[in-house]
Amino acid sequence: MKTVDIEVCFFAALRERFGERMLRTVPRGTTLAKLWRQLTAEASGLERLPVRFAVRERYVEPSYVVRQGDEVSIFPPVSGGA
């Protein structure tokens, strides 16, 4: 099976759970939704957390298929105040 190497960066509460970043090797054809399911299987309690994804600093849909060398950022919901 062919694989691709990516870097995953985490923000806010996800950083506390996973660390700032990790290198990950995934099967070719992996979507961000599938990557998220894999990560939440390793860290229970996050399955229902609505997250946003960015690749190379551009927001993308969960259906995005990762490519060799992608830098994936995962953002949990955040709230701000005045």
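Any read-out appearing in this document is the output of simple, stated calculations on the displayed coordinates, not a laboratory observation. Remember, predicted model here, so these are calculated numbers, not experimental data. Here Cβ is always computed from backbone atoms with ideal geometry, including for glycine, and neighbour counts include all displayed protein chains.
Would you mind stating whether Ser73 is touching a strand residue (DSSP E or B) at 6+ places or on another chain (Cβ under 8 Å), assigned to a strand (DSSP E or B) and in contact (Cβ under 8 Å) with a residue 24 or more places away in the chain? Taking the combined requirement at face value, the residue satisfies it. When residues in segment 27-46 are screened for being assigned to a helix (DSSP H, G or I), surrounded by fewer than 16 Cβ atoms within 10 Å (Cβ to Cβ) and either at positive phi or basic (Lys, Arg) (or both), 1 of them pass. If I filter segment 27-60 down to residues being among the aliphatic types (A, V, I, L, M) and touching a helix residue (DSSP H, G or I) at 6+ places or on another chain (Cβ under 6 Å), which single residue comes out as farthest from Ile6 (Cα to Cα)? The qualifying residue farthest from Ile6 (Cα to Cα) is Leu46.
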